[in-house]
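The values are calculated or read from the model by the stated rules, or taken from the named source; none is laboratory data. None of the values given here were measured: they were computed from a predicted structure. We place every Cβ from the backbone using ideal geometry, glycine too, and count neighbours over all the protein chains shown. Quick note on the areas: whole protein, heavy atoms, side chains included, nothing else; ligands and nucleic acids left out. Shrake-Rupley method; radii C 1.70, N 1.55, O 1.52, S 1.80 Å.
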Amino acid sequence: MNRIHQLPPHEAHKIAAGEVIDKPANVVKELVENAIDAGATQITVYIEDGGKQLIRVIDNGCGMSYEDARICIAQYATSKISSINDLTHISTFGFRGEALASISAVSKTMLITKEDDAVQGISLTIENSAIIQEALVSCNTGTDITISDLFYNIPARKKFLKKRDTEWRAILQLMHAICLSYTTVSFKLFHDGTQVLHCPRTETVLDRCTQIWDHTVSQHLVTLPNENNKTNTISISGVISNHHYYRYDRSNMFFFVNKRWVKNYNLGRALLKGYLNAIPPQRAPLTALFIEVDPTELDVNIHPRKEEVQFLHPHSVETVLQSSVKQTLEKNLTRNITQPTISTNSLTPKTSYFDQAPYQSYEPYQSSFTSSALISDKPALPSFDFNAPVFDAPASPTQPLFEEYNDIQQPLYTTTPTPAASIVAEQNDAFLTSEKQTAYTLIGQYNKTYILIEQEDGLFLVDQHAAHERVLYELFAKRFNEIATISLLFPQIVTLSDHDIALITPYLELFTHNGIIVEPFGPNQLIIQSTPVHLKNSDCDALIKEIISWIHEEQDVTTSDFFETAHKKLRAQMACKAAVKAGDAMTTEQMQTLLNDLGKTDNRFTCPHGRPTGWLLSLHDIEKKFKRKK
């Protein structure tokens, strides 16, 4: 008996469809791109249940004849190319004839279409790639295609669909990209009966950005001048955000190659190099960049869903992109710089962080986590009120820094130890696992960032910010139910886009559990009524935006896992904002208090973000540098 056999066509179509369609956003992409290829100037998209139940796309394009409508669902049916040689100068989105064939193989499809000169249109009902009903109907010129019950005939694929909100976010980002790419087309987008996007045709990308993003964002956008961004075969245009505006995720970095939205890691890296020293590390700009290259130097056929492209000369494209972004930012910065006015007040020396006594309202810090200051009606944070006496007697020149500690624990939520943390663990293994406590002598502070400690076998450096960050993080993790909060005299208003508001609203309870009372305030605003006492002067606006970026990152985890991860990250961020910073001058008492607290803290060898809190420069290494030892 033969073991090899051919699959039935309808089963083969289902399997092949998996390369093109694996989520609702893929369906939307194929249908909207087909509408654009058909010359549509008005496109309306209806989504229900994140695209799982319904996707409907209506356009006013050229429509199809009766014969074309019947054949368009067949595999490899296309009007875009005739041979493989046509791929070298392809200018349309679809060309392989797989989109409608794949979609109709995994959904219940209804297609209504009519050409301009036809008296009536044609309506087709399709299931499992087969036409089960057809009729002549009255309709407008163009195409109206409805996809319902996606993956109804492939339960194994359907169960792997993401949550409704996750699938919807992918569709919304896709529609943002398409709207940016085709400013001469009018788009409308509805989700569960509510209009989410209304983008009439515009003349410029900048105007389109104002339609899509919050109106306050447009004032931070800069247009790339074309004269500096062209070579013989490469042209770059579009808009980028200036150095005042940045985000905590890369979801609004859009790249278009010959009008096609693509995802390309190297383009993103080149863009961020152009922003070097213009925005903080680990932040991302908002961009809509259009790269035009000779079609003969571009391969658009390397990905089944055409989401990626391959350049013949990628380095040239990246170099032009990086330099054009850098030059645009420099010109914009130069244009906006004004000559500062010098006054006698400007000559006053800057007050240091601790001179301002940010914790002066708290009780003097007497001990560590067993302090009564952790009770909810008293300050929950070690006060660092260094004007008050800290010790009953002068500090001994040698104090135990670390208690016995037999294993190095990694940060609570860091999935991969950072290289620096791993090196610290290796270098200090003998020191940290010593059976007896190690004595040390506090030398002082170096560069207003590192605490220098002399001990028997070397010089130990403690990062004051990382150390304090770890102390506070462990405090928040263990005692967050007892952390005192303070009502803000002037509540903070946080303005977000409609998309971000919808994204963060289900998770406001997360902030409440950590002492930050956040409530909806208007259609696209949140109001912060109270915060933990140690965050009263912090920028909670940035904190909320970071949480939004984390939601983007953690979209595939369960609700319980998300809350557990987000709680840890939020506490880490709270600790980071409340901790002493690099550049803050510290007194001997302040350093001694911090070291004592660090010695009593769990996971003391790294900060919550995985950076080492201390580094041992061994005596052997020092003597080796001075040629005393080999």
Quiz prompt | Rg over Rh [alpha-carbon atoms, Kirkwood Rh] for region 584-630 | solution = 1.14
Quiz item: Which value results when the Cα radius of gyration for region 89-215 is divided by 2.2 N^0.38 Å?
Solution: 1.26
Quiz item: Of the cross-linked pairs K23/K326; K114/K163; K273/K545; K162/K263; K448/K577, which ones have a Cα-Cα span greater than 29 Å in the structure shown?
Solution: K23/K326; K114/K163
Quiz item: Just the accessible area per residue of region 122-234, please: how many Å² with a 1.4 Å probe?
Solution: 48 Å²
Practice problem: Mind ranking 162-174, 457-469 by how tightly packed they are, going by the mean number of other C-beta atoms within 10 angstrom, highest first? | Solution: 457-469, 162-174
Quiz item: Where a ≥ b ≥ c are the square roots of the eigenvalues of the C-alpha gyration tensor, would you call region 461-510 rounded, which needs a/c under 1.5, or, failing that, prolate if a/b is larger than b/c, or oblate?
Solution: prolate
Exercise. Find the Rg to Rh ratio for region 255-300, where Rh is the Kirkwood radius over alpha-carbon pairs and Rg uses the same atoms.
Key: 1.04
Quiz item: What is the distance, in nm, between label points placed 7 Å from the Cα along the Cα-to-Cβ direction at K259 and at T296?
Solution: 2.1 nm
Exercise. Give the carbon-plus-sulfur fraction of the accessible surface of region 471-625 in %, rounded to a whole number; probe 1.4 Å, heavy atoms of protein chains only.
Key: 53 percent
Self-check item: Packing rank of 111-124, 23-36, where each peptide gets the mean count of other beta carbons within 10 Å, highest leading
Solution: 23-36, 111-124
Self-check item: Cα Rg over Rh - region 494-545, Kirkwood
Solution: 0.94
Practice problem: Give me the accessible area per residue for region 445-598, probe 1.4 Å, as a whole number in Å². | Solution: 39 Å²
Exercise. Starting from the Cα of R628, move 7 Å in the Cα-to-Cβ direction to define the label point; list residues of region 456-473 whose amide nitrogen is under 13 Å from there.
Key: 456-459
Quiz prompt | Added length on full extension, which subtracts the Cα-Cα distance from 0.36 nm per residue, T223 to I4 | solution = 72.9 nm
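Could you look at region 129-191 and say what percent of its accessible area is carbon and sulfur, using a 1.4 Å probe and all protein chains?
Percent of accessible area from carbon and sulfur atoms in region 129-191: 54.
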